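**Q** Got a structure for you, questions after.
The values are calculated or read from the model by the stated rules, or taken from the named source; none is laboratory data. The shown structure was predicted, so the numbers you read here are calculated from the model rather than taken from an experiment. Ideal geometry is used to build each Cβ from the backbone, glycine not excepted, and the neighbour counts take in all protein chains shown. For accessibility, only protein heavy atoms count, side chains too; no ligands or nucleic acids. Shrake-Rupley method; radii C 1.70, N 1.55, O 1.52, S 1.80 Å.
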Amino acid sequence: MLQVKAGDLDKMGLLFERYHRPLFGFLYHMTSDTQTSEDLVQNVFYRMLKYRHTFTAEGEFHTWMYHLARNVINDSYRQNKHSMQHYDLEKYAERVGGGATADEELEKRQETEMLQRAIDKLSPEHKEVLIMSRYQELKYEEIATILNTTEGAIKVRVHRAMNELKKHYLKIENGSKAHEL
């Protein structure tokens with residue numbers, strides 16, 4: 001990015017090749033919409049060019065990139081007046097286990113759906129830190145830099161987000177069990 005900042009705009013293609021997939025993943029997790037996420041990726045890279053003079057080598061490049069991405073999401077949200085849509089966990093369901101019987105598959109699918117509904121109930125701030133920490137696998141220090149706060153504050157936010165997620169999940173789970181009776 002320092003070379004891009006210095007005027008070598010051809011290096012932007014290399015940055016795109018390296019970072020567009022993880023950036024798309026983050027944006028998709030926040031919007032749950034493929035087309036919107038692709039558009040937002042383009043907007044982030046446009047802003048990288050436009051604001052290249054603001055990049056300093058003090059922090060890591062991807063931290064600066066996620067900071068820009070958050071701004072793009074917030075701007076998109078304000079312009080379109082729509083909330084972030086639900087988070088699709090189906091592709092992460094394979095991480096839960098290997099082969100299973102039909103009953104186990106059904107149970108796993110139901111648990112994934114309940115988790116999805118619980119994530120949908122999270123506040124945008126809690127949803128964002130969980131996506132960054134659990135699905136984007138960013139370190140707390142990196143998230144703190146992106147959100148312009150301290151690492152301790154991020155730990156507290158993640159802890160509170162997990163507690164809120166647990167509370168929503170248990171309500172949903174208890175509601176499902178009540179319907180079964």
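**Q** Looking at the stretch 117-132 only, could you name the residues that are open to solvent by 20 Å² or more (accessible area, probe 1.4 Å), farther than 16 Å from H67 by Cβ and part of a helix (DSSP H, G or I)?
**A** If the condition is that a residue be open to solvent by 20 Å² or more (accessible area, probe 1.4 Å), farther than 16 Å from H67 by Cβ and part of a helix (DSSP H, G or I), then R117, D120, P124, H126 are the ones that fit.
**Q** Next question, about the same structure. Output the residues belonging to the stretch 15-32 that are under 15 Å from M132 (Cβ atoms) and open to solvent by less than 30 Å² (accessible area, probe 1.4 Å).
**A** Within the stretch 15-32, L23, G25, F26, L27, H29, M30, T31 meet the criteria.
**Q** Between residues in the stretch 59-85 that are more than 15 Å from D39 (Cβ to Cβ) and among the acidic types (D, E) and residues that are at pLDDT 85 or above and part of a helix (DSSP H, G or I), which pairs lie under 9 Å by C-beta distance while being six or more apart or on different chains?
**A** Matching pairs, first to second residue: E60/E142; E60/T145.
**Q** Just checking, how many residues over the stretch 1-14 are in contact (Cβ under 8 Å) with a residue 40 or more places away in the chain, open to solvent by less than 50 Å² (accessible area, probe 1.4 Å) and in a helix (DSSP H, G or I)?
**A** 1
**Q** Among the residues of the stretch 138-162, write down those that are surrounded by fewer than 19 Cβ atoms within 10 Å (Cβ to Cβ) and part of a helix (DSSP H, G or I).
**A** Y140, E141, L147, E151, G152, A153, K155, V156, V158, H159, R160, M162
**Q** What about Y135, is it open to solvent by 40 Å² or more (accessible area, probe 1.4 Å), in contact (Cβ under 8 Å) with a residue 40 or more places away in the chain and aromatic (F, W, Y)?
**A** yes
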